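Data first, discussion second: the structure below is written as structure tokens.
The values are calculated or read from the model by the stated rules, or taken from the named source; none is laboratory data. Computed from a predicted structure; not experimentally measured. Glycine also receives a Cβ, built like all others from the backbone with ideal geometry; neighbour counts cover every protein chain displayed. Note: areas computed on protein heavy atoms with side chains; ligands, DNA, RNA excluded. Shrake-Rupley method; radii C 1.70, N 1.55, O 1.52, S 1.80 Å.
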Amino acid sequence: MKVFLNGKIVDKDQAKISVFDHGFLYGDGVFEGIRVYSSLIFKLKEHVDRLYESAQSISLSIPISKKEMVTAIVDTLKANKLKDCYIRVIVSRGEGDLGLDPRKCKGNETIVVITDKITLYPKELYDIGMDIITVPTVRNIPEALNPQIKSLNYLNNILAKIEAVNSGYQEALMLDHLGYVAECTGDNIFAVKNGEIYTPPQCMGILRGITRDVVLEISKKLKIPTHEHVLTRHELFIGQECFLTGTAAEIVPVIKIDGRVIGDGKPGKLTKIIMKEFKKSTKVDGIKYKI
Ligand code: PXG
């Protein structure tokens, strides 16, 4: 496997970074997870834009342009001859010293691009739906570490994942500090009630997911009334359908939340329509490259 590291495509075994890298020491950096479908890098522009926005928000200056970043991604894909895969782009503050002061890392930013085969949830899950649980760990409050920043510090989500797994569940529903529905550990959440779609607004302390945006575009195109609205767990419980969205997971139907069966306990009608439309968009919405 070949990896892009600071301007060079190197062998995986040669892709080494310093133990003084602030990404390693403090989770000080940003990242993106991108999917490739049949040589189409899905929503590449949107992912690159979000990467630079996350960086801007934490005062991290990425030393290459967006265009150069796209070239780095395409070169890594070509070096690995991959047509269907997952891309991880990581930019850390880089090598500094054993202190928080980011000025010590100036000019040392580390850029890594890894492309690898995608690991998916089992196919049955998309047919039968997922059972999720609300966990005690709440999503980071935006005034502390805004969830819109896709930072390398994912402990908030990892703690939630641990709690879900310890309780025997695959995915955790995270609330915000006021008790409103935020998102899952790596996915946004949607509810369907009486033929209308609801999802928490981006100001609620969630990541503005790119898959979430695709679903909002699809619902607009299909003229399904859609609301970015504050939700409580009650609204999720009384909906007829629920689903999660994310780059890795795509669209996953949810059929049970905290022991409450959602709708008839099967993936919903609208959910299935959106899954189908999403699949269509993965064939057109992105940047094509040739190996
Ligand atoms: N919320 C959070 C907290 C995320 O990390 C999403 C929503 C969905 O966003 P996109 O843009 O992907 O639709 C994410 C992103 C993984 C993995 O390996 C998944 C994400 C991030 C990192 C790793 O499953 N999801």
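If you check Leu51 against the conditions, is it within 12 Å of the ligand (Cβ to nearest atom) and either more than 22 Å from Ala249 (Cβ to Cβ) or under 20 Å from the mean Cα position of the chain (by Cα) (or both)? Walk me through how you get there before you give the answer.
Values: within 12 Å of the ligand (Cβ to nearest atom): yes; either more than 22 Å from Ala249 (Cβ to Cβ) or under 20 Å from the mean Cα position of the chain (by Cα) (or both): yes.
In short, yes.
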Q. Residues in the stretch 259-272: is at least one within 22 Å of the chain's Cα centre (by Cα) and assigned to a helix (DSSP H, G or I)?
A. yes
Q | Checking Val48 against (1) open to solvent by 30 Å² or more (accessible area, probe 1.4 Å); (2) part of a helix (DSSP H, G or I), the condition it does not meet | A | (1)
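Answer yes if at least one residue in the stretch 231-245 is in contact with a Cys (Cβ under 9 Å, 6 or more places away or on another chain) and closer than 22 Å to Ile41 by Cα, and no otherwise.
Checking the stretch 231-245: at least one residue is in contact with a Cys (Cβ under 9 Å, 6 or more places away or on another chain) and closer than 22 Å to Ile41 by Cα.
Among the listed residues Asn108, Asn194, Asn166, identify the single one that is open to solvent by 60 Å² or more (accessible area, probe 1.4 Å), outside the structural domain of Leu244 (by TED's automatic domain parsing) and more than 13 Å from the ligand (Cβ to nearest atom).
Asn108
Given the criteria open to solvent by 10 Å² or more (accessible area, probe 1.4 Å), part of a loop (DSSP other than H, G, I, E, B) and more than 9 Å from the ligand (Cβ to nearest atom), does Lys256 qualify?
Numbers: open to solvent by 10 Å² or more (accessible area, probe 1.4 Å): yes; part of a loop (DSSP other than H, G, I, E, B): no; more than 9 Å from the ligand (Cβ to nearest atom): yes.
Judged against the criteria, Lys256 is not a match.
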Q. List pairs: first in the stretch 26-51 and under 13 Å from Val91 (Cβ atoms), second among the aromatic types (Phe, Trp, Tyr), Cβ under 9 Å, 6+ apart or cross-chain?
A. Gly27/Tyr154; Val30/Tyr52; Phe31/Tyr154; Leu51/Phe31
Q: Can you work out which of the residues in the stretch 197-217 that are more than 8 Å from the ligand (Cβ to nearest atom) and not in a helix (DSSP H, G or I) is nearest to Leu155 (Cα to Cα)?
A: Gly205
Q | Residue count, the stretch 269-291 (criterion: open to solvent by 10 Å² or more (accessible area, probe 1.4 Å), away from the ligand (no atom under 15 Å from the Cβ), touching a residue at least 60 places away in the same chain (Cβ under 8 Å) and closer than 17 Å to Leu222 by Cα) | A | 1
Q. So which residues in the stretch 59-77 are closer than 27 Å to Pro102 by Cβ, away from the ligand (no atom under 16 Å from the Cβ) and crowded, with 16+ Cβ neighbours inside 10 Å?
A. Leu60, Ile62, Met69, Val70, Ala72, Thr76
Q. Restricting to the stretch 121-163, what's the tally of residues that are in a loop (DSSP other than H, G, I, E, B), open to solvent by 70 Å² or more (accessible area, probe 1.4 Å) and without any contact (Cβ under 8 Å) to a residue 12 or more places away in the chain?
A. 2
Q | the stretch 218-235, residues that are within 16 Å of the ligand (Cβ to nearest atom) and in contact (Cβ under 8 Å) with a residue 60 or more places away in the chain | A | Ile218
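Filtering the stretch 237-253 down to residues that are outside any strand (DSSP E or B) and either within 16 Å of the ligand (Cβ to nearest atom) or open to solvent by 60 Å² or more (accessible area, probe 1.4 Å) (or both), which residue is nearest to Tyr180 (Cα to Cα)? Please lay out each step first, then the result.
Taking the stretch 237-253 as the starting set, the residues that turn out to be outside any strand (DSSP E or B) are 237-240, 247-249.
Going one step further and asking which of them are either within 16 Å of the ligand (Cβ to nearest atom) or open to solvent by 60 Å² or more (accessible area, probe 1.4 Å) (or both), we end up with 238, 240, 247-249.
Details: Ile238: 15, Gln240: 19, Thr247: 23, Ala248: 25, Ala249: 23 Å.
Per the criteria, the residue is Ile238.
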Q | Yes/no for Pro147 being farther than 19 Å from Gly209 by Cβ, under 20 Å from the mean Cα position of the chain (by Cα) and either modelled with pLDDT under 95 or within 13 Å of the ligand (Cβ to nearest atom) (or both) | A | no
Q | From the options Gly107, Gly94, Gly129, residue that is at pLDDT below 95 and among the small types (Gly, Ala, Ser) | A | Gly107
